Amino acid sequence: MKNAFNLDPELIYVNHAAVAPWPVRTAEAVRQFANENAQVGSRHYLQWLETEQHLKRSLASLINAKSADEIALLKNTSEGLSIIAKGINFKAGDNIVISNQEFPSNFIVWDALRSQGIELRIANISDTDDPEQAIIDLMDDRTILLSISAVQYASGLRMDLVKLGAACKANNALYCVDAIQQIGAIEFDTQAIDADFVVADGHKWMLGPEGLAMFYCKKASMEKLQLQQFGWHMVEDLSDFSAMTNWQAASSARRFECGTQNMLSVHALNASISLLLEQGMNNIEKSILNNVQTLINLFQALPSVSILSPITTDRHAGIFTFNKNGVDNQKLYEYLVSKGVVCAPRGGGIRFSPHFYNEAAQFQQLASWVEGFHQGTSD
Ligand SMILES: Cc1ncc(COP(=O)(O)O)c(C=O)c1O
């Protein structure tokens, strides 16, 4: 497992909720693709297409989709959410439900619909022991869509996606999950939660490059999205350029891919996902939960540290956020950065987000640096 990464040993990399480092095999896939392009260009284009299909099959398997035909490759999560927002035929008076902890991408896109008379209902999931119920309480017969992060980016709160899926069904609402903070960290079962749409960029827990995202659309929900982007690649028969006047949108999720794919990132993400599947998502999930539990145990024992993320196993994924009373958060963050810690200031504290391969000794080191840091001291 150690050989899977080639990280600078001076670093403690606990920033997978932001941007992950690439596994060795991913960097190698990019190098090989660069060499191939330099030497023979696109001579083996059919092989590239096979890699693209392989990636879609791997992603389908990673999230337990029924078929790779339900997976499209887009450039990021925000693009996927925008395709949904613009694709649904909302009418004035309809409402959309989200939570108050969403990343901007899962707020702005819905907020932008308000000018069309669509109501945005924001559930307060911060001050309750039952965040799902706070969401469900806002749903009614005019609720067209629930859009929710599987794991909240700042607090790290993990949602009960099965319960929310059942509520969507009961209310006849569409169900969109921004799963960027879960897929690759914690097992994700699209069929069990019965989502209509799942979006997730590949550069966090999936260990891929920036600029390539997975967009899942349930087969039965495909027609519920009016198409927003058009081009040669989204038609059913893309081999026949002369049949242009007679085009039909692809019956698969390829209908959401308007043009040429980001083949470089396809090769990279394909390599990254192969590592996740080889390790097994159940093993990865266990390691991540164990790593966060280690952080919880260590930091609970530190005086003046408050843990801001949930501490029960079913309520967190890979995100651990804390602050230290009486200490300027930004200064503590800069101190940790100066020590080679790659982390992020988020949610009024500092966010650590270890992956499966981080080691217990690193968490000990983090705890001792945080314990030893006092305002105005540099060590
Ligand atoms: C919950 C969530 N959604 C979306 C994003 C990023 O969106 P995009 O892939 O469009 O950059 C992030 C990034 O931090 C996130 O935490």
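Details
- Going through (1) open to solvent by 10 Å² or more (accessible area, probe 1.4 Å); (2) out of contact with any strand residue (DSSP E or B) (no Cβ under 9 Å at 6 or more places or on another chain); (3) within 16 Å of the ligand (Cβ to nearest atom) one by one, residue 155 falls short only on (2).
- If the condition is being open to solvent by 20 Å² or more (accessible area, probe 1.4 Å) and within 16 Å of the ligand (Cβ to nearest atom), then region 204-227 contributes 204, 210, 211.
- Residue pairs whose Cβ atoms lie under 9 Å apart, sitting 6 or more positions apart in sequence or on different chains, and linking a residue in region 40-60 that is free of Cβ contacts under 8 Å to residues at least 60 places away in the same chain to a partner that is open to solvent by 60 Å² or more (accessible area, probe 1.4 Å) and polar (S, T, N, Q), do not occur here.
- Where helices (runs of 4 or more DSSP H) sit wholly within region 1-93, those with at least 1 residues that are under 16 Å from the mean Cα position of the chain (by Cα) and surrounded by 15 or more Cβ atoms within 10 Å (Cβ to Cβ) occupy 45-62, 77-87.
- Meets criteria (within 22 Å of residue 279 (Cβ to Cβ) and among the hydrophobic types (A, V, I, L, M, F, W, C)) for residue 65: yes
- Residue count for region 105-129, restricted to those that are part of a loop (DSSP other than H, G, I, E, B), farther than 27 Å from residue 314 by Cβ and either in contact with a helix residue (DSSP H, G or I) (Cβ under 9 Å, 6 or more places away or on another chain) or of a type outside the set (Gly, Ala, Ser) (or both): 3
- When residues of region 158-194 are limited to those that are open to solvent by 40 Å² or more (accessible area, probe 1.4 Å) and among the hydrophobic types (A, V, I, L, M, F, W, C), the one farthest from the chain's Cα centre (by Cα): 170
- Subset of region 325-379 [open to solvent by 50 Å² or more (accessible area, probe 1.4 Å), within 17 Å of residue 297 (Cβ to Cβ) and not in a loop (DSSP other than H, G, I, E, B)]: 360, 361, 364, 365, 368, 371
The values are calculated or read from the model by the stated rules, or taken from the named source; none is laboratory data. Here the structure is a predicted model, which is why all the values come from computation and not from measurement. As a convention, Cβ positions derive from the backbone with ideal geometry for all residues, glycine included, and neighbour counts pool all protein chains shown. Just the protein is used for accessible areas: all its heavy atoms, side chains included, with ligands, DNA and RNA removed. Shrake-Rupley method; radii C 1.70, N 1.55, O 1.52, S 1.80 Å.
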